[in-house]
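A quick write-up on the structure given underneath.
The values are calculated or read from the model by the stated rules, or taken from the named source; none is laboratory data. None of these values were measured; they are calculated from a predicted model. Heads up, the Cβs are rebuilt from the backbone with ideal geometry, glycines too, and the neighbour counts pull from every protein chain shown. Just the protein is used for accessible areas: all its heavy atoms, side chains included, with ligands, DNA and RNA removed. Shrake-Rupley method; radii C 1.70, N 1.55, O 1.52, S 1.80 Å.
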Amino acid sequence: MAADVSGILPVQAIEQMFDDGSIVSDQAPVDGQIQPASLDLRLGATAYRVRASFLTGPDTTVLKKLENLKLHKVDLAQGAVLETGCVYIVPLQESLVLPADISATANPKSSTGRLDVFTRVITDQGVAFDTVPAGYAGPLYAEISPLTFPILVRTGSRLSQIRFRRGESLISDQFLQMVHREHTLVTGGNERIGGGVQLSIDLEGSGKGSLVGYRAKHHSGLIDVDKPGAHAPLDFWEPIYRRGAAELILDPNEFYILVSQEAVHVPPDYAAEMVPFDALVGEFRVHYAGFFDPGFGHSSAGGVGSRAVLEVRSHDVPFILEHGQTVGRLVYEKMSQRPATLYGEGIGSNYQGQALKLSKHFRAVD
């Protein structure tokens, strides 16, 4: 790969970043940590409970901020519970020494978002969450706030992921239309492209009486983030069935798992990210965890188009969602090089070919 090729860096380039010292960690990467176009970030040994979320700003560091904001330290070595309604700062095992032409953005992992765990990455001298400027040299920290379920985490748990890019990688709608004609990026639903691929909500299901979503239960048990398939879904979730009209009233500050009408596809030479459609269309937040890797829904990697599972939370007032309402958009970026491994291709992905699905922590719903 030529050094000046712009785009999202693939798995083989991320591996090289460990080798050349652009990514620094005392621990070697573990199996599955490097994804086709992103890197999972591992929690360090200590969490700090803090009074409030914060950004460092251009003149200080996270550790200096912690001197005034921390309430107590939590040892993660043997595992520890992070409680709902609390904010924690955790130094991550990975730190960065980025070249001057490489920047990065972070997002919660899909499984993290589907647990309603609000997670963001912060840096020293940081002026925005989940944003690492080109040439950054320093540590990374995770801000973690479980909103619905208390979670059990430990040193090495992976809640966030980071994506590296060189130069400009976002592609225009005009180019996206060309890619769609060649690769079929979206099928079913509205199939609209504008500011990316627009996604709408599916509240019809397969007809009256069919399952269309889940609402999180309050005062439930503890979820171990490192144990897939260990939890009974109905202990934590209330299924939502279509009863009459294909609509759903979102109750304030409740958390829902819903699904898009459209099946989407991310071809091997592209990566995608879910972003909010428009804050003016309603008082709700959609999709905390936004990265879609190359090969998502791709036929050669075991997919035939995959619908987007949507994490939805209403704010302040009840809001009616109606079937087919546009709720998000998938923006596409070019890869600097085709990844050596695609999403779902020999890496045991939990979400390839998905429809409505809870996080990997839960057993299948009967």
I need the phi-derived Karplus couplings for segment 244-253: 6.51 cos²θ - 1.76 cosθ + 1.60, θ = phi - 60°, integer Hz, Gly and Pro marked x. x, 4, 7, 8, 8, 8, 7, 7, x, 6
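Beyond 21 Å between alpha-carbons counts as too far, so tell me which of K334/K357; K109/K360; K64/K109 fall in that bin. Numbers along the way, then the final one.
On the way: K334/K357 28 Å; K109/K360 11 Å; K64/K109 28 Å.
Check vs 21 Å cut-off fails for K334/K357; K64/K109.
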Full-extension gain between H183 and A232, please, as 0.36 nm times their residue separation minus the C-alpha to C-alpha distance. 13.8 nm
Where the centre of each part is set by its Cα atoms, how far does segment 226-257 sit from segment 160-225, in angstrom? 18 Å
When the Karplus curve 6.51 cos²θ - 1.76 cosθ + 1.60 is applied with θ = phi - 60°, which whole-Hz ³J(HN,Hα) does each residue of segment 202-208 get, with x for Gly and Pro? 9, 10, 8, x, 9, x, 4
Restricting attention to segment 168-223, which trypsin sites (Lys or Arg not before Pro) occupy a DSSP loop and are surrounded by at most 13 other Cβ atoms within 10 Å? K208
5 angstrom amide H check on R329, placed H, neighbours 5+ away: L199, V275, F277
Taking H placed 1.01 Å from N in the peptide plane, check which residues at least 5 places from K217 or on another chain put their amide H under 5 Å from its amide H. W237, E238
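List the trypsin sites (Lys or Arg not before Pro) within segment 90-150 that DSSP assigns to loop and that have no more than 14 neighbouring Cβ atoms inside 10 Å.
none
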So how compact is segment 301-343: Cα radius of gyration and Dmax in angstrom? 16.2, 46
In square angstrom, what is the accessible area per residue of the chain with a 1.4 angstrom probe? 42 Å²
Estimated [θ] at 222 nm from DSSP helical runs (n ≥ 4, -39500 (n - 2.57)) normalised by residues in the chain, nearest 500: -2500 deg cm²/dmol
Debye calc, one equal point scatterer per Cα of segment 157-222, no solvent, log10 I(q)/I(0) at q = 0.24 1/Å comes to -1.05
Place +1 on the Cβ of every Lys and Arg and -1 on the Cβ of every Asp and Glu in the chain, take the dipole about the Cα centre, and give the residue among V5, A308, L211 whose Cα lies farthest towards its positive end. L211
How long are the semi-axes of the equivalent ellipsoid of segment 184-265, taking √(5λ) for every eigenvalue λ of the Cα gyration tensor, in whole Å from largest down? 27, 18, 12
Carbon/sulfur fraction of accessible area - segment 55-179, other protein chains in place, 1.4 Å, %: 53 percent
Quick one: give the max-minus-min coordinate of the C-alpha atoms of segment 68-110 along each principal axis, largest first, in Å. 38, 28, 23
Using only the Cα atoms of segment 117-263, construct the convex hull and provide its projected area averaged over every direction, in square nanometres to one decimal. 12.8 nm²
Along the Cα→Cβ direction, 7 angstrom out, place labels at D75 and R154. What is the inter-label distance in nm? 1.4 nm
Along principal axes, Cα extents of the chain, largest first, whole Å: 55, 49, 38
By how many nm would the segment from A340 to L222 lengthen if fully extended, with 0.36 nm per residue of separation less the alpha-carbon distance? 38.8 nm
Report the calculated FRET efficiency for A134 and L66 (r = Cβ-Cβ distance, R0 = 35 Å), to the nearest 0.05. 0.85
Geometric extent, Cα atoms of segment 48-141 - Rg, Dmax (angstrom): 13.8, 39
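Would you work out the charge dipole size for segment 131-252 about its Cα centre, treating the Cβ of every Lys and Arg as +1 and the Cβ of every Asp and Glu as -1, and quote it to the nearest 20 debye?
Numbers: 13 positive and 13 negative charges, 41 e Å.
Around 200 debye, computed over segment 131-252.
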Multiply the residue gap between H315 and L170 by 0.36 nm, knock off their C-alpha separation, and tell me the result in nm, one decimal place. 49.2 nm
Starting from the amide H of F292, placed 1.01 Å from N in the peptide plane, find each other amide H under 5 Å away whose residue is 5 or more places distant or on another chain. A272, E273, M274
Provide the per-residue ³J(HN,Hα) series for segment 254-271, in order, calculated from phi with Karplus coefficients 6.51, -1.76, 1.60 and θ = phi - 60°, each as a whole number of Hz, with x at glycine and proline positions. 9, 10, 10, 10, 10, 9, 6, 5, 7, 8, 10, 9, 10, x, x, 8, 9, 10
